Amino acid sequence: MTDLSQSTRQFPKVDGAFAAIIVIYVCVALFLPAEFGATLGFTTNAMTSTAPFIIFAVLAVAYLKATGAETLLARAFEGAQTRMIVLAALLGGLSPFCSCEVIPFIAALLAVGAPLGAVMAFWLSSPLMDPAMFAITSGTLGFDFAIAKTVAAVGLGLFGGFVTMALSNNPVFVDPLREKPKVGGCCGVKAPFQGKPVWAFWEDSERKLAFRNTAVENAVFLTKWLLLAYTIEALMIRYIPAEWVAQALGGEGVGTIILAAFIGAPAYLNGYAAVPLVDALMTQGMSTGAALSFMIAGGVSCIPAALAVWALVKPRVFAAYLGLAVTGAIISGMVWQAIA
(Lines give C-alpha, C1' and ligand atoms only; values in the text may rest on other atoms or scores of the structure.)
Protein backbone atom coordinates (compact mmCIF):
# COMPACT_ATOMS: atom_id res chain seq x y z
CA MET A 1 0.00 0.00 0.00
CA THR A 2 1.30 3.40 -0.90
CA ASP A 3 2.30 5.48 2.08
CA LEU A 4 -0.22 8.32 2.25
CA SER A 5 2.34 10.61 3.88
CA GLN A 6 4.59 10.17 0.87
CA SER A 7 1.84 10.58 -1.71
CA THR A 8 0.36 13.73 -0.16
CA ARG A 9 1.40 16.80 -2.10
CA GLN A 10 3.22 19.46 -0.17
CA PHE A 11 1.91 22.89 -1.12
CA PRO A 12 4.27 25.83 -0.74
CA LYS A 13 3.54 28.15 2.14
CA VAL A 14 1.84 31.34 1.01
CA ASP A 15 2.98 34.59 2.59
CA GLY A 16 0.07 36.20 4.44
CA ALA A 17 0.81 39.77 3.29
CA PHE A 18 1.12 38.86 -0.39
CA ALA A 19 -2.01 36.69 -0.13
CA ALA A 20 -3.91 39.63 1.38
CA ILE A 21 -2.80 41.91 -1.47
CA ILE A 22 -4.02 39.41 -4.07
CA VAL A 23 -7.34 38.90 -2.28
CA ILE A 24 -7.95 42.66 -2.03
CA TYR A 25 -7.30 43.27 -5.73
CA VAL A 26 -9.42 40.29 -6.74
CA CYS A 27 -12.29 41.61 -4.61
CA VAL A 28 -11.88 45.11 -6.04
CA ALA A 29 -11.87 43.72 -9.58
CA LEU A 30 -15.02 41.68 -8.92
CA PHE A 31 -17.08 44.05 -6.80
CA LEU A 32 -15.63 47.50 -7.51
CA PRO A 33 -14.28 47.25 -11.06
CA ALA A 34 -14.48 51.00 -11.61
CA GLU A 35 -12.02 51.51 -8.71
CA PHE A 36 -9.45 48.89 -9.76
CA GLY A 37 -7.38 51.20 -11.96
CA ALA A 38 -7.44 54.06 -9.46
CA THR A 39 -6.42 51.78 -6.57
CA LEU A 40 -3.60 50.19 -8.56
CA GLY A 41 -2.45 53.60 -9.78
CA PHE A 42 -2.41 55.08 -6.28
CA THR A 43 -0.39 52.12 -4.96
CA THR A 44 2.07 52.26 -7.87
CA ASN A 45 2.65 56.00 -7.50
CA ALA A 46 3.10 55.68 -3.73
CA MET A 47 5.61 52.84 -4.09
CA THR A 48 7.52 54.77 -6.77
CA SER A 49 7.80 57.89 -4.61
CA THR A 50 8.86 55.79 -1.59
CA ALA A 51 11.39 53.67 -3.54
CA PRO A 52 14.47 55.84 -2.77
CA PHE A 53 13.70 55.64 0.96
CA ILE A 54 13.20 51.88 0.73
CA ILE A 55 16.54 51.41 -1.06
CA PHE A 56 18.37 53.54 1.51
CA ALA A 57 16.70 51.70 4.38
CA VAL A 58 17.52 48.26 2.97
CA LEU A 59 21.19 49.08 2.36
CA ALA A 60 21.66 50.82 5.72
CA VAL A 61 20.21 47.95 7.74
CA ALA A 62 22.14 45.35 5.71
CA TYR A 63 25.39 47.23 6.33
CA LEU A 64 24.84 47.50 10.07
CA LYS A 65 23.89 43.84 10.33
CA ALA A 66 26.85 42.65 8.26
CA THR A 67 29.32 44.65 10.32
CA GLY A 68 28.01 43.15 13.55
CA ALA A 69 27.05 46.54 14.98
CA GLU A 70 24.59 44.90 17.38
CA THR A 71 27.56 44.08 19.62
CA LEU A 72 27.66 47.78 20.51
CA LEU A 73 24.43 47.26 22.47
CA ALA A 74 26.39 45.64 25.27
CA ARG A 75 28.02 48.97 26.08
CA ALA A 76 24.65 50.44 27.05
CA PHE A 77 24.41 48.05 29.97
CA GLU A 78 27.62 48.96 31.74
CA GLY A 79 28.17 51.35 34.64
CA ALA A 80 25.63 53.22 36.76
CA GLN A 81 21.95 52.44 36.23
CA THR A 82 21.10 56.03 35.27
CA ARG A 83 23.72 55.92 32.53
CA MET A 84 22.43 52.52 31.41
CA ILE A 85 18.87 53.83 31.05
CA VAL A 86 19.93 56.85 29.01
CA LEU A 87 22.12 54.83 26.65
CA ALA A 88 19.57 52.01 26.38
CA ALA A 89 16.83 54.48 25.39
CA LEU A 90 19.09 56.14 22.82
CA LEU A 91 20.31 52.87 21.33
CA GLY A 92 16.84 51.37 21.35
CA GLY A 93 15.37 54.39 19.60
CA LEU A 94 18.12 54.63 16.97
CA SER A 95 19.39 51.09 16.36
CA PRO A 96 18.19 49.02 13.37
CA PHE A 97 17.50 45.88 15.39
CA CYS A 98 13.94 44.89 16.31
CA SER A 99 13.03 43.70 19.79
CA CYS A 100 12.88 40.01 18.99
CA GLU A 101 16.33 40.01 17.37
CA VAL A 102 17.95 40.92 20.69
CA ILE A 103 15.95 38.49 22.86
CA PRO A 104 18.97 36.19 23.50
CA PHE A 105 21.09 39.21 24.41
CA ILE A 106 18.46 40.67 26.77
CA ALA A 107 17.75 37.26 28.32
CA ALA A 108 21.42 36.90 29.18
CA LEU A 109 21.58 40.39 30.68
CA LEU A 110 18.52 39.80 32.88
CA ALA A 111 19.85 36.40 33.95
CA VAL A 112 23.10 37.94 35.23
CA GLY A 113 21.27 40.74 37.04
CA ALA A 114 21.19 43.70 34.66
CA PRO A 115 18.76 46.34 36.02
CA LEU A 116 15.22 45.94 34.72
CA GLY A 117 14.99 49.74 34.31
CA ALA A 118 17.68 49.74 31.60
CA VAL A 119 16.13 46.73 29.86
CA MET A 120 12.68 48.36 29.99
CA ALA A 121 14.11 51.54 28.45
CA PHE A 122 15.50 49.53 25.55
CA TRP A 123 12.36 47.43 25.09
CA LEU A 124 10.06 50.44 24.97
CA SER A 125 12.13 52.45 22.50
CA SER A 126 13.47 49.74 20.16
CA PRO A 127 10.26 48.87 18.21
CA LEU A 128 9.49 52.51 17.42
CA MET A 129 12.31 53.87 15.31
CA ASP A 130 15.32 52.74 13.30
CA PRO A 131 17.06 54.06 10.15
CA ALA A 132 14.61 52.25 7.85
CA MET A 133 11.58 53.45 9.80
CA PHE A 134 12.90 57.02 9.82
CA ALA A 135 13.36 57.00 6.05
CA ILE A 136 9.88 55.62 5.36
CA THR A 137 8.21 57.94 7.90
CA SER A 138 10.05 61.00 6.61
CA GLY A 139 9.17 60.20 3.01
CA THR A 140 5.46 59.75 3.74
CA LEU A 141 4.56 61.86 6.79
CA GLY A 142 7.30 64.46 6.58
CA PHE A 143 10.66 65.09 8.20
CA ASP A 144 9.15 66.92 11.17
CA PHE A 145 6.90 63.99 12.05
CA ALA A 146 9.82 61.54 11.73
CA ILE A 147 11.88 63.67 14.12
CA ALA A 148 8.93 63.89 16.52
CA LYS A 149 8.52 60.12 16.53
CA THR A 150 12.26 59.62 17.09
CA VAL A 151 12.24 62.01 20.07
CA ALA A 152 9.09 60.29 21.38
CA ALA A 153 10.75 56.86 21.07
CA VAL A 154 13.76 57.93 23.11
CA GLY A 155 11.54 59.84 25.53
CA LEU A 156 9.34 56.80 26.08
CA GLY A 157 12.42 54.70 26.82
CA LEU A 158 13.65 57.25 29.37
CA PHE A 159 10.18 57.52 30.92
CA GLY A 160 9.73 53.76 31.27
CA GLY A 161 13.29 53.17 32.41
CA PHE A 162 13.28 55.74 35.20
CA VAL A 163 9.78 54.78 36.39
CA THR A 164 10.90 51.16 36.58
CA MET A 165 14.06 52.15 38.45
CA ALA A 166 12.06 54.24 40.93
CA LEU A 167 9.67 51.35 41.57
CA SER A 168 12.30 48.61 41.48
CA ASN A 169 11.35 47.41 44.98
CA ASN A 170 7.67 47.25 44.10
CA PRO A 171 6.31 43.65 43.95
CA VAL A 172 5.45 44.20 40.28
CA PHE A 173 9.12 44.48 39.29
CA VAL A 174 10.74 42.07 41.75
CA ASP A 175 12.04 38.82 40.22
CA PRO A 176 10.86 39.70 36.68
CA LEU A 177 12.13 36.70 34.69
CA ARG A 178 10.08 33.62 33.90
CA GLU A 179 11.51 30.39 35.29
CA LYS A 180 12.41 29.19 31.80
CA PRO A 181 12.56 32.18 29.45
CA LYS A 182 11.80 31.40 25.81
CA VAL A 183 14.70 32.58 23.70
CA GLY A 184 12.82 32.63 20.41
CA GLY A 185 11.24 35.32 18.34
CA CYS A 186 9.44 36.49 15.26
CA CYS A 187 12.54 37.17 13.20
CA GLY A 188 14.25 33.80 13.17
CA VAL A 189 16.67 34.88 15.90
CA LYS A 190 20.27 33.86 15.44
CA ALA A 191 23.33 34.53 17.54
CA PRO A 192 24.91 37.84 16.53
CA PHE A 193 28.53 38.22 15.47
CA GLN A 194 30.80 38.15 18.46
CA GLY A 195 33.48 40.68 19.37
CA LYS A 196 33.95 44.12 17.88
CA PRO A 197 32.14 45.36 14.76
CA VAL A 198 33.98 44.88 11.46
CA TRP A 199 33.12 47.97 9.41
CA ALA A 200 34.88 46.74 6.24
CA PHE A 201 32.57 43.72 6.10
CA TRP A 202 33.31 43.00 2.39
CA GLU A 203 36.67 41.53 3.37
CA ASP A 204 34.89 38.66 5.15
CA SER A 205 32.89 36.14 3.08
CA GLU A 206 30.49 35.31 5.93
CA ARG A 207 29.69 38.97 6.46
CA LYS A 208 29.23 39.58 2.73
CA LEU A 209 26.70 36.76 2.73
CA ALA A 210 24.98 38.32 5.76
CA PHE A 211 24.78 41.65 3.91
CA ARG A 212 23.19 40.03 0.86
CA ASN A 213 20.73 37.93 2.84
CA THR A 214 19.71 40.83 5.07
CA ALA A 215 19.24 43.14 2.09
CA VAL A 216 17.03 40.63 0.29
CA GLU A 217 14.98 39.81 3.39
CA ASN A 218 14.37 43.47 4.22
CA ALA A 219 13.58 44.39 0.62
CA VAL A 220 10.92 41.68 0.46
CA PHE A 221 9.61 42.60 3.92
CA LEU A 222 9.29 46.32 3.19
CA THR A 223 7.87 45.79 -0.28
CA LYS A 224 5.09 43.42 0.75
CA TRP A 225 3.94 45.42 3.77
CA LEU A 226 4.06 48.78 2.01
CA LEU A 227 2.20 47.36 -1.01
CA LEU A 228 -0.50 46.11 1.35
CA ALA A 229 -0.59 49.37 3.31
CA TYR A 230 -0.76 51.62 0.25
CA THR A 231 -3.54 49.48 -1.20
CA ILE A 232 -5.51 49.79 2.03
CA GLU A 233 -4.73 53.52 2.15
CA ALA A 234 -6.21 54.02 -1.32
CA LEU A 235 -9.43 52.28 -0.29
CA MET A 236 -9.58 54.11 3.07
CA ILE A 237 -9.33 57.51 1.41
CA ARG A 238 -12.02 56.52 -1.09
CA TYR A 239 -14.53 54.85 1.23
CA ILE A 240 -14.06 56.06 4.81
CA PRO A 241 -15.97 59.35 5.21
CA ALA A 242 -13.61 62.11 6.32
CA GLU A 243 -16.18 63.41 8.80
CA TRP A 244 -16.10 60.09 10.70
CA VAL A 245 -12.35 60.27 11.25
CA ALA A 246 -12.43 63.99 12.01
CA GLN A 247 -15.22 63.51 14.53
CA ALA A 248 -13.50 60.61 16.34
CA LEU A 249 -9.82 61.52 16.07
CA GLY A 250 -9.71 65.13 14.91
CA GLY A 251 -9.52 68.35 16.85
CA GLU A 252 -7.14 69.33 19.61
CA GLY A 253 -8.81 67.63 22.57
CA VAL A 254 -6.99 65.22 24.87
CA GLY A 255 -9.77 62.67 24.37
CA THR A 256 -8.81 62.05 20.74
CA ILE A 257 -5.18 61.41 21.73
CA ILE A 258 -6.22 58.95 24.44
CA LEU A 259 -8.60 57.19 22.06
CA ALA A 260 -5.89 56.95 19.39
CA ALA A 261 -3.52 55.29 21.87
CA PHE A 262 -6.06 52.62 22.77
CA ILE A 263 -7.03 52.09 19.12
CA GLY A 264 -3.39 51.84 18.09
CA ALA A 265 -2.63 48.97 20.46
CA PRO A 266 -4.88 46.34 18.79
CA ALA A 267 -5.09 47.88 15.30
CA TYR A 268 -1.38 48.09 14.47
CA LEU A 269 0.05 45.86 11.70
CA ASN A 270 3.71 46.85 11.95
CA GLY A 271 5.67 50.07 11.96
CA TYR A 272 6.18 50.23 8.21
CA ALA A 273 2.62 49.37 7.22
CA ALA A 274 1.29 51.83 9.78
CA VAL A 275 2.89 54.84 8.07
CA PRO A 276 0.64 54.87 4.96
CA LEU A 277 -2.41 54.04 7.09
CA VAL A 278 -1.75 56.98 9.41
CA ASP A 279 -1.18 59.14 6.32
CA ALA A 280 -4.67 58.16 5.12
CA LEU A 281 -6.21 58.88 8.52
CA MET A 282 -4.52 62.28 8.69
CA THR A 283 -5.80 63.05 5.20
CA GLN A 284 -9.28 62.25 6.49
CA GLY A 285 -8.93 64.54 9.51
CA MET A 286 -6.90 62.75 12.21
CA SER A 287 -5.04 65.24 14.40
CA THR A 288 -1.23 65.20 14.52
CA GLY A 289 -1.22 64.45 18.25
CA ALA A 290 -3.58 61.51 17.80
CA ALA A 291 -1.42 60.25 14.91
CA LEU A 292 1.72 60.19 17.03
CA SER A 293 -0.12 58.64 19.96
CA PHE A 294 -1.49 55.93 17.66
CA MET A 295 1.95 55.10 16.27
CA ILE A 296 3.73 55.05 19.63
CA ALA A 297 1.16 52.88 21.42
CA GLY A 298 0.73 50.59 18.44
CA GLY A 299 4.45 50.19 17.81
CA VAL A 300 5.21 49.02 21.34
CA SER A 301 2.15 46.78 21.67
CA CYS A 302 2.23 45.19 18.20
CA ILE A 303 2.62 41.42 18.21
CA PRO A 304 6.39 41.13 17.40
CA ALA A 305 7.40 43.69 20.02
CA ALA A 306 4.99 42.39 22.67
CA LEU A 307 6.03 38.77 22.14
CA ALA A 308 9.66 39.73 22.71
CA VAL A 309 8.77 40.94 26.20
CA TRP A 310 6.19 38.22 26.96
CA ALA A 311 8.75 35.52 26.11
CA LEU A 312 11.06 36.54 28.93
CA VAL A 313 9.19 38.21 31.79
CA LYS A 314 6.30 37.39 34.08
CA PRO A 315 2.78 38.64 33.24
CA ARG A 316 2.87 41.42 35.86
CA VAL A 317 6.00 42.92 34.27
CA PHE A 318 4.44 42.55 30.84
CA ALA A 319 1.34 44.42 32.06
CA ALA A 320 3.58 47.20 33.40
CA TYR A 321 5.32 47.34 30.00
CA LEU A 322 1.98 47.89 28.23
CA GLY A 323 0.84 50.43 30.82
CA LEU A 324 4.02 52.46 30.46
CA ALA A 325 3.72 52.29 26.66
CA VAL A 326 0.15 53.61 26.54
CA THR A 327 0.86 56.31 29.13
CA GLY A 328 3.97 57.43 27.27
CA ALA A 329 2.09 57.43 23.96
CA ILE A 330 -0.59 59.72 25.36
CA ILE A 331 1.99 62.11 26.80
CA SER A 332 3.90 62.14 23.48
CA GLY A 333 0.73 62.89 21.55
CA MET A 334 -0.22 65.73 23.88
CA VAL A 335 3.24 67.33 23.63
CA TRP A 336 3.38 67.00 19.84
CA GLN A 337 -0.15 68.38 19.52
CA ALA A 338 0.87 71.44 21.53
CA ILE A 339 4.02 71.97 19.48
CA ALA A 340 2.59 71.22 16.04
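The values are calculated or read from the model by the stated rules, or taken from the named source; none is laboratory data. Everything quoted here is computed from the prediction, not taken from an experiment. No Cβ is skipped: glycine too gets one built from the backbone with ideal geometry, and neighbour counts run over all protein chains shown.
Results for (1) at pLDDT 85 or above; (2) buried (at least 23 other Cβ atoms within 10 Å of the Cβ); (3) farther than 26 Å from residue 311 by Cα, shown as yes or no for each residue.
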{"residue": "113", "(1), (2), (3)": "no, no, no"}
{"residue": "146", "(1), (2), (3)": "yes, no, yes"}
{"residue": "149", "(1), (2), (3)": "yes, yes, yes"}
{"residue": "174", "(1), (2), (3)": "yes, no, no"}
{"residue": "178", "(1), (2), (3)": "no, no, no"}
{"residue": "181", "(1), (2), (3)": "no, no, no"}
{"residue": "184", "(1), (2), (3)": "no, no, no"}
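Would you be able to tell me the number of residues in the stretch 63-81 that are modelled with pLDDT of 75 or more, more than 21 Å from residue 206 (Cβ to Cβ) and of a type in the set (A, V, I, L, M)?
Going through the stretch 63-81 one residue at a time, the tally reaches 1.
Conditions: (1) in contact with a helix residue (DSSP H, G or I) (Cβ under 8 Å, 6 or more places away or on another chain); (2) free of Cβ contacts under 8 Å to residues at least 24 places away in the same chain. Residue 311 meets all but one. Number of the miss?
Result: residue 311 passes all but (2).
Just a yes or no: is a residue in the stretch 284-306 surrounded by fewer than 24 Cβ atoms within 10 Å (Cβ to Cβ), part of a helix (DSSP H, G or I), free of Cβ contacts under 8 Å to residues at least 12 places away in the same chain and not basic (Lys, Arg)?
Scanning the stretch 284-306, I find no residue that is surrounded by fewer than 24 Cβ atoms within 10 Å (Cβ to Cβ), part of a helix (DSSP H, G or I), free of Cβ contacts under 8 Å to residues at least 12 places away in the same chain and not basic (Lys, Arg), so the answer is no.
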